[in-house]
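So the structure is just underneath, and the comments pick up after that.
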Amino acid sequence: MGVVTVTLRFFAAARAAAGTDQLECVAESEPTLGDLVETVQPAAGVDPDDFRATLERCSFLVDGVTTRDLAQVVPSGAVVDVMPPFAGG
């Protein structure tokens, strides 16, 4: 299959926890959403425990489609929006 690249975009509290607006993830095969969540690292100087705790509360849009299914395969070139809960929910 070759190298797979996925863009993760972070919004609101997820952006603060990641320390960046966006990260590019590169893998040798198509990852699952869970693989991405487990392996992505926040920007230097950001507390990784806070980042992980924030990710656990987030929902995701994979190419604009909402999912919380961590087993979903993410194709190369996909954009994953990381969305924290809004308005207390």
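Every condition in (1) in a loop (DSSP other than H, G, I, E, B); (2) closer than 22 Å to Val4 by Cα; (3) touching a residue at least 24 places away in the same chain (Cβ under 8 Å) is met by Pro85 except one, and the failing one is (2). The residue that is surrounded by the most Cβ atoms within 10 Å (Cβ to Cβ), among those in segment 47-64 that are under 10 Å from the mean Cα position of the chain (by Cα) and hydrophobic (A, V, I, L, M, F, W, C), is Phe60.
If you go through segment 1-30 and pick out every residue that is in contact (Cβ under 8 Å) with a residue 40 or more places away in the chain and of a type in the set (D, E, K, R), you end up with 2. Scanning segment 31-80 for residues that are of a type in the set (Val, Ile, Thr), touching a residue at least 24 places away in the same chain (Cβ under 8 Å) and not in a loop (DSSP other than H, G, I, E, B) gives Thr32, Val37, Thr54, Val62, Thr67, Val73, Val79, Val80. Out of the residues in segment 1-30 meeting the condition of being of a type in the set (D, E, K, R) and outside any helix (DSSP H, G or I), tell me which one is surrounded by the most Cβ atoms within 10 Å (Cβ to Cβ). Looking at the filtered set, the residue picked out is Arg9. Check whether at least one residue in segment 31-46 is surrounded by fewer than 12 Cβ atoms within 10 Å (Cβ to Cβ), of a type in the set (A, V, I, L, M, F, W, C), modelled with pLDDT under 95 and over 27 Å from Gly2 (Cα atoms), and report yes or no. Within segment 31-46 (the criterion being surrounded by fewer than 12 Cβ atoms within 10 Å (Cβ to Cβ), of a type in the set (A, V, I, L, M, F, W, C), modelled with pLDDT under 95 and over 27 Å from Gly2 (Cα atoms)), the answer is yes, since at least one residue qualifies. Scanning segment 59-89 for residues being in contact with a Gly (Cβ under 7 Å, 6 or more places away or on another chain) and among the acidic types (Asp, Glu) gives a total of 0.
The values are calculated or read from the model by the stated rules, or taken from the named source; none is laboratory data. Since this is a predicted model, take the numbers as computed values, not measurements. Neighbour counts are summed over all protein chains in view; Cβ atoms, including those assigned to glycine, are modelled from backbone coordinates with ideal geometry.
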